[in-house]
1. Share of antiparallel DSSP beta bridges in the chain, in percent to the nearest 5?
2. Can you tell me how much longer the chain between ALA113 and THR88 gets when fully stretched, taken as 0.36 nm per residue apart minus their C-alpha distance, in nm with one decimal?
3. Calculate, for the chain, the solvent-accessible area per residue in square angstrom, rolling a 1.4 angstrom probe over the heavy atoms of the protein chains.
4. Please list, in order along segment 39-49, the HN-Hα scalar couplings obtained from phi with the Karplus expression 6.51 cos²θ - 1.76 cosθ + 1.60 (θ = phi - 60°), rounded to whole Hz, x for Gly and Pro.
5. So how strong a dipole does segment 102-164 carry about its Cα centre when Lys and Arg Cβ are +1 and Asp and Glu Cβ are -1, to the nearest 20 debye?
6. Report HIS77's accessible area, 1.4 Å probe, all protein chains in place, as a number in Å² to the nearest 10.
7. Would you mind classifying segment 51-110 by shape? Square roots of the alpha carbon gyration tensor eigenvalues, ordered a ≥ b ≥ c; an a/c under 1.5 is rounded, otherwise it is prolate if a/b is larger than b/c and oblate if not.
8. Roughly how many whole Å is it from the C-alpha centroid of segment 20-75 to that of segment 87-149?
Amino acid sequence: LDNGTYDAVADIIKTEARQQNYLFSDNAIGNFNTILSVRADDSRWDYGNAEQLSRMKIGIITSYATNKAFRTWCTGHAVTPELIEYHTFSDMLAGMQKGEIDGMLHATALDEASRSVYRTIMKLLPDAYYFAFRKNDTELKNMFDEGLGLILSANVDFLTGLKTKYEAQFEANVLPFSSKEKTY
């Protein structure tokens with residue numbers, strides 16, 4: 001987005017810093033929860049037990065917008081996990097495999113292969129995500145908002161329907177596109 005390769009980027013969380021640099025769509029295009037996963041074979045951790053986090057080393061991705069919110073959440077829940085920062089999701093997965101961390105915080109659902117290796121023990125910090133545009137591209141943002149507004153006025157469940165239709169296929173890396181859509 002910054003260097004002009006893209007005109008818009010989807011699935012971006014609004015933060016104060018990002019709002020200084022980018023325009024965001026008026027409507028959220030979806031919602032997600034931050035997920036805390038552990039190794040599937042590690043029976044020390046229970047689903048939904050916040051107190052256990054104080055005994056955990058948790059991996060986080062340095063660039064994630066939710067890190068500040070997670071630290072605030074931990075303070076509010078009186079838990080003090082040891083947070084280990086990684087630059088990439090791949091590095092964090094490697095840290096899990098090596099036993100450097102007990103759990104990992106991530107925003108995307110795990111793919112089918114990973115779901116047999118890791119299990120979710122918490123979903124927290126629900127947040128909305130948006131399309132982001134360059135700060136000076138008001139015309140494109142307004143066109144997008146107008147188009148999405150028209151679609152949502154005709155079908156309020158449009159975005160939910162798209163998510164339902166494509167999420168499982170996306171996670172399996174098999175998208176149900178027509179020939180025309182694939183060519184595009």
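The values are calculated or read from the model by the stated rules, or taken from the named source; none is laboratory data. These numbers come from a predicted model, not from an experiment. Here Cβ is always computed from backbone atoms with ideal geometry, including for glycine, and neighbour counts include all displayed protein chains. Protein only, heavy atoms only, side chains kept; ligands, DNA and RNA dropped before computing areas. Shrake-Rupley method; radii C 1.70, N 1.55, O 1.52, S 1.80 Å.
1. Bridges in the chain are about 75 percent antiparallel.
2. Difference between extended and current length: 7.1 nm.
3. The answer is 62 Å² per residue.
4. Per-residue couplings from phi come out as 5, 4, 8, 9, 7, 5, 10, 9, 6, x, 8 Hz.
5. 180
6. Spelled out: HIS77, probe radius 1.4 Å, area about 90 Å².
7. Oblate is the answer for segment 51-110, as a/c is 1.5 or above yet b/c matches or exceeds a/b.
8. 10
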